[in-house]
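The values are calculated or read from the model by the stated rules, or taken from the named source; none is laboratory data. Treat the numbers as computed from the prediction; the structure is a model and nothing was measured. We place every Cβ from the backbone using ideal geometry, glycine too, and count neighbours over all the protein chains shown. Calculation scope for accessible area: heavy atoms of the full protein, side chains included, ligands and nucleic acids excluded. Shrake-Rupley method; radii C 1.70, N 1.55, O 1.52, S 1.80 Å.
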Amino acid sequence: DKLTDVPCLEYQIGKCNGLCTGAVTAEEYRKATEGLLRFLRGDRAPAVARAKELMEEAAASRQFERAATLRDAIHHLTEDEERQAVSDPSGTSADIIGVAFFRSRSQVILLRQRDGNVVQKLDVPLAGGAETAAELLAQFLPQYYAATENIPPMLIIGEPLEEHALLEAWFTERRGRRVKIVVPERGKKSRLLELAEENAQEKVQQQFAAWEAEDLRVERALEELRCALSLPTRPARIDEIGRLRPRDL
């Protein structure tokens, strides 16, 4: 179509990208339209990534109000994606177990799905004892479900287990009805597992940061105590102070 030298009112008020004036090329317009169609079909990842880039640019240029608006938009987009992920019209009841490791710590996130809706999220921090996700799951599953009667017909995990058949039989016996252990590859159950694993990774990093901060706080307190009492070395335990002789003070 022939370009015009007079932009439309929509362009003048910022509601049009100016295709008719040549402000954007036909190829740029096509890519933008395809991106919008992907967004409307539920593919939010490119939009979220672009919004994060714009937010960082706005913050770097001290446009804090714009950065805050973009931050809120990102929050709403990701929140909406999570709501879509946890909604399952099939009415499935299952426990989705995600695990994560960070340094010497590990974390389990259990999403309890009943009749297609996630009704509870359980955080289980763990310390040591396993080197792989499969090993951690093999330890966690029998310990956790030995202490609860709330066993669903399906357990969704991210790693195959050597004890798969044995555990299925044990769960089935405890529940009194068939229990399947599933390692999904695609679909809604896979997205829920990804969500559980992402939450587990975020949680274990937060926990590790908290533990490090607490250790640092204790070390600083002991060093302050050593200086205040003129001790030759930092006490390893508070009860050491009671065993010090007068000349050590």
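A few points about this structure:
- Residue that is more than 25 Å from Arg103 (Cα to Cα) and touching a His at 6+ places or on another chain (Cβ under 7 Å), where the choices are Ile151, Ile181: Ile181
- Cβ-Cβ contacts under 7 Å between residues 6 or more apart (or on different chains), taken from a first residue in the stretch 147-167 that is assigned to a helix (DSSP H, G or I) to a second residue that is among the hydrophobic types (A, V, I, L, M, F, W, C), are listed as His164/Ile181; Leu167/Leu141; Leu167/Leu161; Leu167/Ile181.
- Among the residues of this structure, Arg191 does not count as one that is farther than 18 Å from Val108 by Cα and modelled with pLDDT under 95.
- Considering the stretch 32-42, the residues that are of a type in the set (D, E, K, R) and either exposed (fewer than 12 other Cβ atoms within 10 Å of the Cβ) or on the phi > 0 side of the Ramachandran plot (or both) include one that is modelled with the highest pLDDT, namely Glu34.
- Meets criteria (part of a helix (DSSP H, G or I) and either of a type outside the set (D, E, K, R) or more than 18 Å from Thr92 (Cβ to Cβ) (or both)) for Pro142: yes
- Subset of the stretch 160-174 [more than 19 Å from Ser93 (Cα to Cα) and out of contact with any strand residue (DSSP E or B) (no Cβ under 8 Å at 6 or more places or on another chain)]: Pro160, Glu162, Glu163, Ala165, Leu166
- Check on Glu185, at pLDDT below 70, open to solvent by 80 Å² or more (accessible area, probe 1.4 Å) and not small (Gly, Ala, Ser): no
- Looking across Val99, Val124, one residue alone is among the aliphatic types (A, V, I, L, M), within 30 Å of Arg177 (Cβ to Cβ), open to solvent by 20 Å² or more (accessible area, probe 1.4 Å) and modelled with pLDDT under 90. It is Val124.
- Contacts under 7 angstrom Cβ, first residue in the stretch 90-119 being farther than 13 Å from Ile156 by Cα, partner open to solvent by 50 Å² or more (accessible area, probe 1.4 Å) and part of a loop (DSSP other than H, G, I, E, B), 6 or more apart: Gly91/Asp115; Gly116/Pro89; Gly116/Ser90
- Checking each residue in the stretch 228-249 for being exposed (fewer than 10 other Cβ atoms within 10 Å of the Cβ) and either modelled with pLDDT of 70 or more or part of a helix (DSSP H, G or I) (or both) picks out Ala228, Ser230, Pro232, Thr233, Asp239, Gly242, Arg243, Pro246, Arg247.
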